[in-house]
Amino acid sequence: FQSNYTGCDVQYPSLLGNGHCNGDEYNTLACQWDGGDCNGTVLEEVKREGCDKPKHRHYLLGNGVCDQFLNNAECDFDDGDCKHFNEAYPECVDKFPEVMPSFVGDGVCHGGSYNIEECGFDGGDCLVEVL
């Protein structure tokens, strides 16, 4: 451990390089960006004016998944992760802020606010094929 991460002082060294960006004290140059799990992105680099994401979840910004609480202009629409969702379902975003974008089109019909025209009937998950 010490030879690979000189100056990296974390409580659980086994979390370094475990495939999950643990953030905070793990996501530093000394810890080699959590053993490579955080792709060299530190909180200060991804912070946006007015983007009030929880500090412990900064690694979700721009991770390839559209997160509802980051889907706003201040967070650059989750660093671009929500671009496709917002283009495909613009009225879903505007009218139903409770809809979790990552649930739309995930293969499961969630019903309620998801199963409406504006949200593409849950991205097609709630469409029933008539034979």
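The values are calculated or read from the model by the stated rules, or taken from the named source; none is laboratory data. Every value quoted in this text rests on a predicted model; they were computed, and no experiment measured them. Neighbour counts are summed over all protein chains in view; Cβ atoms, including those assigned to glycine, are modelled from backbone coordinates with ideal geometry. When the accessible area is computed, the model is the full protein with side chains, heavy atoms only, and any ligands, DNA or RNA have been set aside. Shrake-Rupley method; radii C 1.70, N 1.55, O 1.52, S 1.80 Å.
Less than 5 angstrom separates the built amide H of LEU61 from none of the residues sequence-distant by 5 or more or on a different chain. Computed from the C-beta positions of ASN4 and PHE96, the FRET efficiency with R₀ = 41 Å rounds to 0.30.
Just the protein heavy atoms count here, and of the accessible area of region 58-131 at 1.4 Å, carbon and sulfur take up 53 percent.
If the chain between ASP106 and GLU25 were fully stretched, how many nm would it gain, using 0.36 nm times the residue separation less the Cα-Cα distance? It would help to have the intermediate numbers written out before the result.
Details: separation 81, 0.36 × 81 = 29.16 nm, distance 3.33 nm.
Working it through step by step, the gained length comes to 25.8 nm.
Note on ASP76: accessible area approximately 80 square angstrom, rounded to 10, probe 1.4 Å, nucleic acids and ligands left out.
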